[in-house]
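Here is the structure we will look at, set down as structure tokens.
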């Protein structure tokens, strides 16, 4: 029985196997790396600057305009993250907001809003801002316009390492929810 | 082996042409069969290693050689990997054993081959009287054919040296395709090939079956081990087990590589 392959066949087959193994090794590596990497609030540099933990928290007021950083924001419409908090929030026109319920989801879509007079934030143990995103609330609905006293929203916030609180700030006050 | 290559009626093989640099990192096989004039009363047993056959042809013109298919390895490596077998040798000798004139013929056998085949000087093998010669039978002219004084090299060292040489050849082939997928894939791939080559070199005579079967067995074991480490150690998701398949494939690949090459 003749043993072995010819040199040409061995090199050709070796290249095919190398490509297959490279694909398998990188595929697994990327799966592992994605599981280890904390979620990024927004993919674009401008959005990262506006939404990153280092961004200065913006305190809204009734007369203030939208945060300055959001003026240069050119975010993607959304980003899908492996872990998010779903916060059900009631925003009152004349009183502080109320965080009614916070639910952990295995996966969720974060919409990187570019402007708004209110803020949803994720805080660490020292109540330093880790993530901040503005959002709008309109108390006028219908035609003719009717004024509402409260509006209930569902906000999606990313899960971050070291997070402890969720804070909602509006012109009328703020609410803090301690995460479990 | 094709028996027609061993037939006495087969014309002598032309001299082996020198091969290029590929012989540095790969086995260099030549055609198996009878080489040189067939009229002599003596023949030397050689592996189908190009450099060995060529050197023998240059220094022993007019003598006969029986070239056995040994994956293109030199004498010591072919013996260390167990590529020369009694069955293979007897099958190659049998066509030439016909006729009464073969009774006095002498077969010069390198000592490593003799050790592998359990042959001693003076043994009779299908009408051929065995005489031992050094593993480099390039200067056979003038030899008495008595048992050679030279000892046999350590088979483990020979296999490890051959495995490292062939691993370097595979590094040349695998580097660019693996690097396409990142330096991590390159590093893991090269190290897996090295580890596989070393393990196979050490366990070659212990593992059953031909080279590809040894590689397959090692590949399955290595792949299963890597999968277990990923699953229980890093607790990855099922999709994260893909590298284990890659590692298994790399380990398996060195089996057929170490089994040598055959002439195109």
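No value in this document is a laboratory result; all are computed from the given coordinates. Predicted, not measured: the structure shown is a model, and the values here were computed from it. Ideal geometry is used to build each Cβ from the backbone, glycine not excepted, and the neighbour counts take in all protein chains shown.
The alpha carbon gyration tensor of region B:184-255 gives principal lengths a ≥ b ≥ c with a/c of 1.5 or higher and a/b greater than b/c, which makes the shape prolate. Inter-chain Cβ neighbour count for B:236-248, averaged per residue, equals 6 (cutoff 10 Å, partner chain atoms only). Answer rounded, prolate or oblate for region B:156-211, using the Cα gyration tensor with square roots of eigenvalues a ≥ b ≥ c: rounded when a/c is under 1.5, else prolate when a/b is larger than b/c, else oblate. Here region B:156-211 falls in the prolate category.
For the peptide B:179-186, the mean number of other protein chain Cβ atoms found within 10 angstrom of a residue's Cβ is 5.
Quote the FRET efficiency, to the nearest 0.05, computed for residue A:146 versus residue B:239 with a Förster distance R0 of 41 Å and r equal to the Cβ-Cβ distance. After rounding to 0.05, the efficiency reads 0.20. Peptides B:25-33, A:85-93 ranked from most to least packed give B:25-33, A:85-93, packing being the mean of other C-beta atoms within 10 angstrom over each peptide's residues. Summary of packing: across the peptides A:142-152, B:51-61, the per-residue average of other C-beta atoms within 10 Å ranks them, highest first, as B:51-61, A:142-152.
Would you mind classifying region A:104-176 by shape? Square roots of the alpha carbon gyration tensor eigenvalues, ordered a ≥ b ≥ c; an a/c under 1.5 is rounded, otherwise it is prolate if a/b is larger than b/c and oblate if not. Walk me through the numbers before you get to the answer.
Working: a/c = 2.57, a/b = 1.84, b/c = 1.40.
Cα axes put region A:104-176 in the prolate bin.
Cα centroids of region A:109-180 and region B:196-210: 64 Å apart.
For the segment B:206-213, counting C-beta atoms of other chains within 10 Å of every residue's C-beta and taking the mean gives 1. In a fully extended conformation the segment linking residue B:205 and residue B:106 would gain 32.6 nm over its present Cα-Cα distance, using 0.36 nm per residue.
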